[in-house]
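Inspection log for the structure reproduced underneath, given as structure tokens.
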Amino acid sequence: MKKIAILPGDGIGQEIVAEAVKVLECLRDDHGLDVVLEQGLVGGTAYDATGTPLPEETLKLAQEADAVLLGAVGGYQWESLDIAVRPEKGLLGLRAELGLFANLRPAILYPQLADASTLRPEVVSGLDIMIVRELTGGIYFGQPRGVRTLDNGERQGYNTLVYSESEIRRIGKVAFEIAAKRQGRVCSVDKANVLECTELWREVMTDEAGAHPDIELSHMYVDNAAMQLVRAPKQFDVMVTTNMFGDILSDCAAMLTGSIGMLPSASLDENGKGMYEPIHGSAPDIAGQNVANPLATILSVAMMLRYTLDAPAMAERIEQAVSTVLDEGLRTQDIWSEGTRKVSTSEMGDAVVAAMRRQ
Ligand code: IPM
Ligand code: MG
């Protein structure tokens, strides 16, 4: 029996996770997936209830679980809080405490959605990129950090970009191993022309490539990588990069696929335990309206089945069902276009479950 911690979080997190839970329950009830689901609080919702965005109880639940399913965190009402207790700290705390250093963000274009991308169909059709983002280091976690007052009375904000050789090597290894199961190409993204820290990044990546002779490694500066992603995204197979560059580039890659509402992610530790979440945020502007796209969260469950629960056939069931509902023309508002049928969050979740039942 595997234990899955369910942490819906804030905003649309509540609605989209509810749909993903329907999918998990369908697999449990109809297909013998041996899991128990336990809910917990994280983010602003947790802060409101307990005074902290990552209560002890939630951390314990996540630590004891085999996998975590997370919705999203954040919202307008918490933006003025001290940074130490903001919802985002709940998410960053989970990543750090669970040692989830490897963040996999696939950007795949469903052929049915080629028209939903803001880029021309021929630029994005067939797109299949895997972004491997380092998740527990870099400028997000580097010390020292803060805001200090200088002798002249002016305030100065500062953060530190820091990577040790072992941190670079282990994320490189993940990227090379993933590439071995794909087209065998890794593009490492850095700013080695300006930042010493990423000069080391480049050096260690090159060295680690020596242990993976079948993989073709290339390097790209981050500004160029951002440009290439919108110019000719199909040149990429696996991209590996730092925490902050990965944050930015994965949003950019998401839009190539039509909507950020389609993209799942996996954050893995050394042993393959993982936290699974859509790459989008809590979208407070549309929260509570039953219009958000639950597919990224549902596809995150598929990643959980593949990477942590070792049930690839069930993962395929989900992915196939998502493809079926798209074939049927069902669209939440973010991916809707003329000639397709606009559905709500819960209608989309129900349709995926119905498609799984028909398989
Ligand atoms: C993401 C998000 C988070 C990040 C925020 C919510 C802290 O943007 O997962 O990409 O910056 O990592
Ligand atoms: Mg982000």
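The values are calculated or read from the model by the stated rules, or taken from the named source; none is laboratory data. Treat the numbers as computed from the prediction; the structure is a model and nothing was measured. Note that each Cβ is placed from the backbone with ideal geometry, even for glycine, and that neighbours are counted across all protein chains shown. What goes into the accessible areas is simple: the full protein's heavy atoms, side chains included, and nothing from ligands, DNA or RNA. Shrake-Rupley method; radii C 1.70, N 1.55, O 1.52, S 1.80 Å.
So, in region 336-359, how many residues would count as being among the β-branched types (Val, Ile, Thr) and without any contact (Cβ under 8 Å) to a residue 60 or more places away in the chain?
Keep residues of region 336-359 that are among the β-branched types (Val, Ile, Thr), which gives 340, 343, 345, 352-353.
Within this subset, residues satisfying the condition of being without any contact (Cβ under 8 Å) to a residue 60 or more places away in the chain are 340, 343.
Here the count works out to 2.
When region 267-301 is filtered for residues that are within 15 Å of ligand 2 (Cβ to nearest atom) and of a type in the set (A, V, I, L, M, F, W, C), the ones remaining, listed by number, are MET275, ILE279, ALA283, ALA296. The set of residues in region 66-110 being more than 12 Å from ligand 1 (Cβ to nearest atom) and of a type in the set (S, T, N, Q) consists of GLN77, SER80.
Scanning region 248-259 for residues that are closer than 13 Å to ILE335 by Cβ and near ligand 1 (Cβ under 10 Å from one of its atoms) turns up just one, ALA254.
Identify all residues within region 261-272 that are buried (at least 21 other Cβ atoms within 10 Å of the Cβ) and either touching a Gly at 6+ places or on another chain (Cβ under 7 Å) or part of a helix (DSSP H, G or I) (or both); write none if there are none.
Passing the criteria: GLY261, MET262, ALA266, SER267, LEU268.
Quick one: what pairs do we get from region 230-252, first residue more than 22 Å from THR118 (Cα to Cα) and touching a residue at least 60 places away in the same chain (Cβ under 8 Å), second outside any helix (DSSP H, G or I) and within 10 Å of ligand 2 (Cβ to nearest atom), C-beta under 7 Å, 6+ apart or different chains? Every condition considered, the pairs that remain are THR241/ARG133; ASN243/ARG133. Going by the conditions given, is MET275 open to solvent by 60 Å² or more (accessible area, probe 1.4 Å), within 19 Å of the chain's Cα centre (by Cα), of a type in the set (A, V, I, L, M) and within 16 Å of ligand 1 (Cβ to nearest atom)? When the stated conditions are applied, MET275 does not pass them.
Name the single residue, out of those in region 287-306 being of a type in the set (S, T, N, Q) and open to solvent by less than 30 Å² (accessible area, probe 1.4 Å), that is farthest from LEU70 (Cα to Cα). Can you show your working first?
Within region 287-306, the subset of a type in the set (S, T, N, Q) is 289-290, 293, 297, 300.
Now restrict to residues that are open to solvent by less than 30 Å² (accessible area, probe 1.4 Å): 293, 297, 300.
Numbers: ASN293: 15, THR297: 8, SER300: 9 Å.
If we take residues in region 287-306 being of a type in the set (S, T, N, Q) and open to solvent by less than 30 Å² (accessible area, probe 1.4 Å), then ASN293 is farthest from LEU70 (Cα to Cα).
If you filter region 243-261 down to residues that are of a type in the set (S, T, N, Q) and more than 13 Å from ligand 2 (Cβ to nearest atom), you find that the one that is nearest to VAL291 (Cα to Cα) is SER259.
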